[in-house]
Amino acid sequence: MSSLDAKTPKQDRLMVLVTGMSGAGKTTVLKAFEDLGFEALDNIPLSLLGNIVHSDSDGEATPLAVGVDIRTRDFEAKALIECIGRLRKRPGLRIKILFVDCEDEELLRRYTATRHRHPLAVDRPILDGITLERGLVSPLVGLVDLYLDTTGRSPYDAKGFLAHNFDADKNPRSMAVMVTSFSYRHGIPRDADLMFDVRFLRNPHYDPALKPKDGRAPEVQAYIRDDPLFEGFIDNLINLLSPLVPRYEDEGKSYLTLAIGCTGGKHRSVFVAETLSKWLKKSMNNVRLVHRDLQT
């Protein structure tokens, strides 16, 4: 049984440390945590991090979301890793690490558009500051329980991601599975654990009657399903995932992202993602379906 599947003792207080790249959306994430009922704090010095947590014997303590990044006084990846290790040994406290990331090119566009100054780019180009920061925070990636890539996503997506991974009791759910369709033309999802290319299936894009529709339309689905390779592919995909998904959960993985890609992200990948999501929901409660590049 996964650690997230186990029942959390009443005295345990949840503390989510939110870290990652500047400009990736940590402030938005902390606000989303507040909306979910967390007490959100930002830029707490590492030396004081342990002091803000007080375990309550009645188990009614408000869960915490704490922002820690390069702006934090005395920030250093090694020091933060050591601090996390100490916190995880404290009784009555449950620690989760959320890393908020974004592609460098989009970070550069965000800083240029808002004219905000990157914390490490006071006397250097913005891109140099981003590169320097990525090197400083990279040791933390191996510790994360949840990874949120905000590239091409809206603040609403961030809130949905958190609501998907934390239930109304503010406890981490059993392993969350996200199935996302995408267009190779717009880049692959960087947070994907498993990725499947379905560009080999017949393409409704070249049928004038189907081109305006998407993979949720029955006519499009019937067209793709008529491909002689479709049924065998779906059967093989399910046979592959049937033993893998439970093993990921047994190993304590908090989330799993399955990405299905095609050329335009509108027809084939959408239908396959819909099909895969329906199959997963037969045996799992925490499944989310996202069509990244589908304009609705």
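So the values come out like this:
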read-out: With Cα atoms, 0 to 90° folded angle of helix 126-137 axis to the chain main axis; value: 70 degrees
read-out: Helix 104-114 axis, angle to the chain major axis (alpha carbon atoms, nearest 10°); value: 70 degrees
read-out: Low-density loop positions, GluC sites (Glu not before Pro), region 207-258 - DSSP coil, at most 14 other Cβ in 10 Å; value: E251
read-out: Prolate/oblate/rounded label for the chain (Cα gyration tensor, a/c 1.5); value: oblate
read-out: Contour excess over end-to-end distance, with Cα ends at E105 and D123 and 0.36 nm allotted per residue; value: 4.5 nm
read-out: Of the trypsin sites (Lys or Arg not before Pro) in region 110-154, those whose Cβ has at most 13 other Cβ within 10 Å and which sit in DSSP loop; value: R115, R117
read-out: Cβ-derived FRET efficiency at R0 35 Å, E82 paired with R190, nearest 0.05; value: 0.80
read-out: C-alpha long axis of helix 268-281 to longest principal axis of the chain, angle in °; value: 60 degrees
read-out: Where labels lie 7 Å past Cα in the beta-carbon direction, separation of R71 and T114 in nm; value: 0.9 nm
read-out: Quarter of the Cα convex hull surface for region 178-291, i.e. its orientation-mean projected area (nm²); value: 7.0 nm²
read-out: Distribution of pairwise C-alpha distances over region 13-173, 10 Å bins, in %; value: 10, 41, 35, 12, 2, 0
read-out: Dipole in debye (nearest 20) - the chain, about Cα centre, beta carbon charges: Lys, Arg +1; Asp, Glu -1; value: 200 debye
read-out: FRET efficiency estimate (nearest 0.05) - Cβ-Cβ, V141 to I52, R0 30 angstrom; value: 0.75
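Each reported figure results from applying straightforward, stated rules to the coordinates on display, with no laboratory input. All figures in this text were calculated on a predicted structure; none of them were measured in a lab. Here the Cβ is made from the backbone with ideal geometry for all residues, glycine too, and neighbour counts use every protein chain on show.
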